[in-house]
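Below is one structure, written out as structure tokens, with a few remarks after it.
Nothing in this text is a laboratory measurement; each read-out follows from the coordinates by a stated rule. Predicted, not measured: the structure shown is a model, and the values here were computed from it. As a convention, Cβ positions derive from the backbone with ideal geometry for all residues, glycine included, and neighbour counts pool all protein chains shown.
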Amino acid sequence: MIIDLTDTTAARIASTLVAARHKSGTPTTGAVLTLIVATEERHHYDAMKAASRAAREHPARIIIVIGRPDTTRTRLDAEVRVGDENGPGEVIVLRLYGELSSHADSVVLPLLLPDVPVVTWWPDEGPEVPSKDPLGAFAQRRITDAAEYYKPMTKIMARANGYVSGDTDLAWTRLTPWRSMLAAALDQFPRKVTSVSVSGEEGNPSVRLLAVWLRQRLHVTVSRTADEGPGITAVELQTTDGPVRLSRPDGELATLSIPGQPDRPVALKRRDTAELIAEELRRLDADPVYALLLTEVDRPFTDPLKVAGPTVEAAAKAAKEAARLGEPEPVVVDESAEQAEAAAAEAAAAAAAAAANEAAQPAPNTSKGSRGSKKEGSD
């Protein structure tokens, strides 16, 4: 059921929603939270679909807020959706025209469900300090996505300065499968990690956040390689007994390589926005690991960024970013030569390990005298 309201008020929207619920036979909501989505007109449909899919796992009243400040007349239009193709929950689409777009909180507040948490999500660029945004001030969780900004690390560093408990970013959420898989690999192969290398798409904020997290947790030097992606393509943990490598060149299937064990395929596909939002809605408390990460996100890396097979523009962009962060100038490397060198080093390490194992085996007893005496005793 979809009901359109033109030039309306928050009170009329609330009464229309109650009437629609009764008409559809669901007088109670059953929602466990209110999800506010602050977006632009061009992105609102995709954001509404993602929020509705996430609400199937976490029933919610979804309020889509679209600001239209470019118009002169102040007006509020709304769509009320109850039990439509988006799912069994409630969706309210608000279009705020003119000066009203600067006072979105006054329109949204009367529509919040009582006694349930409030989560605000900005699918677009979003504010630099989410907790000071009118729609973020009354939310327990505030979700942004730095990847939507053309300078994502600039946005993350700005948000790190204004971080408040409850803030999070989907650039960090995208790392959950990588963090889990790397931790599990070191559980299977408990060796001291001496260095780390991270490879991924140039300009992708998740690549840098993963490198910062590994540096912070393992206290080792981290080298980075920018390639064509998609996303994160490989992580290599160099240990005292050889490298542990997790590579995903196609964004779908990864390969886990551990010394002394056969390579294993691992499902590590890139998740869509609905899955990321659903993960964030599973916990509404603060994320102390993310908060700790932000304290070092602006700390420069000592090793220069290696740019593998990029366009000239990508290399120039990486150089500007490095200069802004106070890091060494990136170096362009031949990726095929590096891979051949790494393969040769890995083969040499495997050969050395095999030789060491062979030397450790006890020598068989091949004495002729022993066989002769045994034969004489049996005659």
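In this entry, region 128-262 is assigned a mean projected area of 9.0 nm², taken as a quarter of its C-alpha convex hull surface.
What are the GluC sites (Glu not before Pro) within region 210-319 that DSSP puts in a loop, where the Cβ has at most 13 other Cβ atoms within 10 Å? Present the calculation step by step, with values, prior to reporting the outcome.
On the way: sites: E228, E236, E252, E275, E279, E280, E296, E313; in loops: E228, E252, E296.
Taking region 210-319 and a limit of 13 other Cβ atoms within 10 Å, the loop GluC sites (Glu not before Pro) found are E252, E296.
Over 25 Å apart at the Cα level, from the set K155/K192; K155/K306; K155/K317; K155/K320; K49/K269; K151/K306, are K155/K192. Loop-located trypsin sites (Lys or Arg not before Pro) in region 178-223 (DSSP state not H, G, I, E or B) with no more than 13 neighbouring Cβ atoms inside 10 Å: K192. Near G242, no amide H atom lies under 5 Å from its own; only residues 5 or more places off or on other chains count, and H is placed 1.01 Å from N.
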